[in-house]
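Accompanying notes for the structure given below.
The values are calculated or read from the model by the stated rules, or taken from the named source; none is laboratory data. Here the structure is a predicted model, which means the values were calculated and not measured. All Cβ positions, glycine included, derive from the backbone under ideal geometry; neighbour counts span all protein chains shown. Quick note on the areas: whole protein, heavy atoms, side chains included, nothing else; ligands and nucleic acids left out. Shrake-Rupley method; radii C 1.70, N 1.55, O 1.52, S 1.80 Å.
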Amino acid sequence: MAQDMTLLWGSGSPPCWRVMIALEEKKLQGYNSVLLSFDKMEHKSQQVLDINPRGQVPSFKHGDIIVNESYAACFYLESRFKSQGTKLIPDGPEEQALMYQRMFEGLSLYDKLGAVIFYDYYVPEGERLESALKRNKETLVTELKLWEGYLEKLGSGSYLAGKAFTMTDVVVFPTVATAFRFGLSAERYPKLGAYHALMKERPSIKASWPPHWLENPKGQDTLKDI
Amino acid sequence: MAKDMTLLWGPGSPPCWRVMIALEEKGLQGYNSKQLSFEKGEHKGKDVLAINPRGQLPAFKHGNITLNESYGACIYLEEQFKGQGNKLTPENKAELALMYQRMFEGQSLFYDRFVPEGERHDSAKQRFAGQLKDEIKLWEGYMQATGPYLAGKSFSLADVIVFPVIAFLFRFGLNEEHFPKLAAYHNTVKDRPSVKNTWPPNWKDTPGMDALKNL
């Protein structure tokens with residue numbers, strides 16, 4: 001099964017990391033794993049374009065089936081491999097609803113984080129404005145405080161959508177990890193800090209940790225003062 | 001069941017419309033439906049904040065459960081009401097994969113950039129218009145390759161999620177001659193009961209806009 005799967009990915013990309021965590025959790029190790037370099041623009045290479053006309057990673061193939069959107073790939077894998085590995089979607093309506101709610105709120109967190117740490121990447125030089133970056137930082141702080149609140153309410157040792165690890169953690173943890181990589185302070189955001197510390201030890205996450213983060217343990221400090 | 005559900009929504013908002021289509025498709029008519037006005041700022045009112053601290057619509061409750069993310073609500077309704085209404089997830093694995101793929105690509109199509117007046121650059125506007133055109137062309141291509149629905153033979157969650165955005169684009173003047181396959185898709189799905197019954201009330205008697213006619 002895993003041998004019929006191919007994942008093209010880049011180190012440190014949260015969307016790629018989501019799919020890798022899902023593959024680990026569903027016991028699909030052994031897939032063809034193709035690490036590409038963003039710096040060398042390999043995500044725009046023919047190899048990627050053959051699977052994903054958008055020239056984006058992750059690009060994922062399972063036999064003839066292609067699913068390139070990270071959330072889509074996660075849903076697909078859970079649907080196809082329901083009976084193996086970790087159960088990622090709880091059955092109970094309340095647990096399920098909270099899981100979906102937080103999963104999709106996770107997209108807000110990802111966008112707002114990107115608007116700060118990748119501001120210069122997204123906005124051409126001539127359009128950059130101090131006022132815009134400042135506003136983006138304020139927006140991110142509001143968002144992070146919301147997530148601190150969510151974790152506070154669930155109690156210590158919990159996962160993002162409750163007492164069990166779910167798909168919410170698969171898709172949102174990479175975003176949280178990225179925030180800390182870019183200098184987010186665990187003192188200012190203790191609940192997120194504790195969640196990050198808990199998750200770092202999970203086998204699926206250790207196995208898929210971005211290689212260049214291992215090579216350079218020190219990240220950036222863009223977010224240290226927010 | 002539907003009586004235990006409440007939806008706060010605003011007319012013309014694709015995320016709200018998605019949930020309304022899903023409720024109709026699953027035979028859950030009879031839910032408490034509360035239409036609010038964006039123009040009057042009602043989406044930031046106490047009613048909404050009590051359900052959705054983000055002050056956004058849709059805001060959806062089912063008994064104790066709250067789901068304010070349109071994708072989340074649609075998937076939840078399909079999962080929880082599998083045995084009733086229309087099946088929104090294909091059995092066939094390849095179609096299911098395509099459904100998920102198009103559902104989530106739908107986020108690229110739903111293009112909502114709000115930039116404060118002092119920060120709008122012509123170069124940005126041009127770039128966004130270019131990106132939007134390329135994105136719509138991609139979808140035209142998808143509809144050339146498959147049909148009549150986004151994931152193939154059956155109406156699915158992909159259509160629930162993406163159709164409102166396509167409708168929004170045509171409402172804003174997207175040219176049927178430039179995008180004939182999308183126009184055909186739009187015209188097919190427009191007549192589906194769940195879509196007719198939830199068509200934005202403010203669209204019925206007023207003309208649309210032509211912002212996109214030259215795209």
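Okay, here's what the table says:
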{"item": "Whole-number percent relative contact order across region B:93-203, with pairs defined as alpha carbons under 8 Å at least 6 apart", "result": "30 percent"}
{"item": "Protein heavy-atom accessible area occluded, A/B pair - total, 1.4 Å probe, Å²", "result": "2800 Å²"}
{"item": "DSSP-defined antiparallel bridges as percent of all bridges, chain A, nearest 5", "result": "60 percent"}
{"item": "Extension reserve of the residue B:177-residue B:196 stretch, reckoned as 0.36 nm per residue once the Cα distance is removed", "result": "4.5 nm"}
{"item": "Prolate/oblate/rounded call for region B:5-80, Cα gyration tensor, a/c under 1.5 rounded", "result": "prolate"}
{"item": "Cα extents of chain A along the three principal axes, largest first (Å)", "result": "48, 45, 30"}
{"item": "Relative frequency of Cα-Cα separations exceeding 16 Å in region B:93-203, percent", "result": "61 percent"}
{"item": "Kyte-Doolittle mean at least -1.0 and Cα axial length at least 18 Å: DSSP H helices in chain B", "result": "B:93-109, B:122-145, B:157-171"}
{"item": "Of the DSSP H helices in chain A, those whose Cα atoms cover at least 18 Å axially and whose Kyte score averages 1.0 or more", "result": "A:167-181"}
{"item": "Space enclosed by the convex hull of the alpha-carbon atoms of region A:130-226, per residue, Å³", "result": "103 Å³"}
{"item": "Relative contact order, percent, region A:5-80 [alpha-carbon distance under 8 Å, six or more residues apart]", "result": "39 percent"}
{"item": "Most fluctuating residue given options A:53, A:15, A:90, as computed from a GNM of chain A linking Cα atoms under 10 Å", "result": "A:53"}
{"item": "Chain A, relative contact order [Cα under 8 Å, separation at least 6], %", "result": "22 percent"}
{"item": "Rg and Dmax [Cα atoms of the protein assembly as shown; Å; Rg one decimal, Dmax integer]", "result": "21.4, 62"}
{"item": "Within chain A, longest stretch clear of exposed GluC sites (Glu not before Pro) (DSSP loop, no more than 12 other Cβ within 10 Å)", "result": "A:1-186"}
{"item": "Calculated P(r) of region A:5-80 - Cα pairs past 16 Å, %", "result": "41 percent"}
{"item": "Protein-protein interface of region B:90-112, residues with accessible area decrease of at least 50 Å², isolated chain reference, 1.4 Å probe", "result": "B:93, B:97, B:100, B:101, B:104"}
{"item": "Cβ-based net charge around residue B:74, under 13 Å, with every Lys or Arg adding one and every Asp or Glu removing one", "result": "-4"}
{"item": "Mean shadow area of region A:37-126 over all directions, Cα convex hull, nm²", "result": "8.4 nm²"}
{"item": "Among A:154-165, B:49-60, B:64-75, the order from most to least packed when residues are scored by Cβ within 10 Å on average", "result": "B:64-75, B:49-60, A:154-165"}
{"item": "Structure-based [θ]222 nm, the protein assembly as shown - -39500 (n - 2.57) summed over DSSP H runs of at least 4, per residue, nearest 500", "result": "-15500 deg cm²/dmol"}
{"item": "Projected area averaged over orientations for region A:66-200, convex hull of C-alpha atoms, nm²", "result": "9.6 nm²"}
{"item": "Rg to Rh quotient for chain B, alpha carbon positions, Kirkwood Rh", "result": "0.96"}
{"item": "Among beta bridges that DSSP assigns inside the protein assembly as shown, antiparallel share in %, nearest 5", "result": "60 percent"}
{"item": "DSSP beta bridge pairing in region A:5-80, given as percent antiparallel to the nearest 5", "result": "55 percent"}
{"item": "Unsatisfied cross-links (Cα-Cα over 28 Å) in the set A:82/A:145; A:82/B:44; A:191/B:82; A:112/B:40", "result": "A:82/A:145; A:82/B:44; A:191/B:82"}
{"item": "Amide proton proximity set for residue B:152, modelled H, under 5 Å, gap of 5+", "result": "B:147"}
